[in-house]
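Comments concern the structure below.
The values are calculated or read from the model by the stated rules, or taken from the named source; none is laboratory data. Bear in mind the structure is a predicted one, so any value in this text is a computation, not a measurement. Counting neighbours? That spans all protein chains shown, and the Cβs are built from the backbone with ideal geometry, glycine included.
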Amino acid sequence: MGEEKKIEEKRKEIKITPIKQGTVIDHIRKGQALKVLRILDLIDKDIDFIVSVAMNVNSSMGKKDILKVEGLELVNEELDKISLIAPEATVNIVRNYEVVRKHRVELPKMAKGIVRCRNNNCISNQNEPLIPEFEVVGKDPVTLKCEYCEREMRGEKISDNVI
Ligand code: CTP
Ligand code: ZN
């Protein structure tokens, strides 16, 4: 292997380090990784495991983001919430460096406390102690309908309104 090639290989290794044990959320649409972290409540939380974020990584399907949570196996209900903004994401559970489980996230029927309604007049935006709640009424693109005012929200607008 030529010297340049070796350096290139090394660079790749460093960029996306494998984890020993935990959860890898792969195939996140480019630019959504931080919002996924927010939905999973992995920001501002007193966490004691390593979280790494890779953004704008090259893949065969174009650019993507990847999230790795080392030392924690996230459960499906938590992860399905991210399907609202990252419907193509794949969840990999890693044990002893091997992927032991791989699945696609699934859209939940309801989205509670994840995004806020875009309608300023909606009762969920009036300082009432209400948790914003939406019914998932469409898949492609993901479409949410507010339980309080029935305003619909889809695609980019959903990720713009993550709480
Ligand atoms: N991964 C990791 N640490 C490991 C094993 C895997 O961080 N010890 C990551 C890989 O870098 C990849 C994801 O977990 O981002 C899935 O790994 P794998 O199934 O080996 O990759 P692919 O076959 O490319 O996955 P897919 O078919 O889902 O694209
Ligand atoms: Zn509303």
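Is it the case that some residue within the stretch 96-119 is within 17 Å of residue 38 (Cα to Cα), exposed (fewer than 11 other Cβ atoms within 10 Å of the Cβ) and free of Cβ contacts under 8 Å to residues at least 24 places away in the same chain? There is no residue in the stretch 96-119 that is within 17 Å of residue 38 (Cα to Cα), exposed (fewer than 11 other Cβ atoms within 10 Å of the Cβ) and free of Cβ contacts under 8 Å to residues at least 24 places away in the same chain.
For residue 114, indicate whether it is more than 16 Å from ligand 2 (Cβ to nearest atom), of a type in the set (A, V, I, L, M) and at pLDDT below 95. Let's see the steps before the verdict.
Values: more than 16 Å from ligand 2 (Cβ to nearest atom): no; of a type in the set (A, V, I, L, M): yes; at pLDDT below 95: yes.
Considered against the rule, which asks whether it is more than 16 Å from ligand 2 (Cβ to nearest atom), of a type in the set (A, V, I, L, M) and at pLDDT below 95, residue 114 comes out as no.
Restricting attention to the stretch 53-62, the residues being surrounded by fewer than 14 Cβ atoms within 10 Å (Cβ to Cβ) and either closer than 18 Å to residue 93 by Cβ or among the small types (Gly, Ala, Ser) (or both) number 3. The set of residues in the stretch 80-113 that are farther than 15 Å from residue 69 by Cα and of a type in the set (Gly, Ala, Ser) comprises 83, 86, 111, 113. For the stretch 122-132, the count of residues that are small (Gly, Ala, Ser), surrounded by 15 or more Cβ atoms within 10 Å (Cβ to Cβ) and either within 16 Å of ligand 1 (Cβ to nearest atom) or without any contact (Cβ under 8 Å) to a residue 60 or more places away in the chain (or both) is at least one.
Taken together, 65, 26, 80 contain a single residue that is away from ligand 1 (no atom under 14 Å from the Cβ) and surrounded by 15 or more Cβ atoms within 10 Å (Cβ to Cβ), which is 80.
Within the stretch 84-101, is even one residue of a type in the set (Ser, Thr, Tyr) and either under 16 Å from the mean Cα position of the chain (by Cα) or assigned to a strand (DSSP E or B) (or both)? Walk me through how you get there before you give the answer.
Going residue by residue through the stretch 84-101, those that are of a type in the set (Ser, Thr, Tyr) are 90, 97.
From what is left, the residues that are either under 16 Å from the mean Cα position of the chain (by Cα) or assigned to a strand (DSSP E or B) (or both) are 90.
Yes, the stretch 84-101 has at least one match.
Annotation for the stretch 84-95: no member residue is modelled with pLDDT under 90 and more than 16 Å from ligand 2 (Cβ to nearest atom). Here 37, 42, 72 are screened, and the one residue that is part of a helix (DSSP H, G or I) and not β-branched (Val, Ile, Thr) is 37.
For residue 157, state whether it is basic (Lys, Arg) and either within 16 Å of ligand 1 (Cβ to nearest atom) or part of a strand (DSSP E or B) (or both). First the steps, then the outcome.
On the way: basic (Lys, Arg): yes; either within 16 Å of ligand 1 (Cβ to nearest atom) or part of a strand (DSSP E or B) (or both): no.
Against the criterion (basic (Lys, Arg) and either within 16 Å of ligand 1 (Cβ to nearest atom) or part of a strand (DSSP E or B) (or both)), residue 157 does not qualify.
Could you please let me know if residue 18 is assigned to a loop (DSSP other than H, G, I, E, B) and within 26 Å of residue 135 (Cα to Cα)? Criteria not met by residue 18. Of 60, 52, all but one fail to be away from ligand 2 (no atom under 16 Å from the Cβ), at pLDDT 90 or above and of a type in the set (Ser, Thr, Tyr); the exception is 52. The set of residues in the stretch 124-163 that are over 15 Å from residue 110 (Cβ atoms) and polar (S, T, N, Q) comprises 125, 126, 127, 159, 161.
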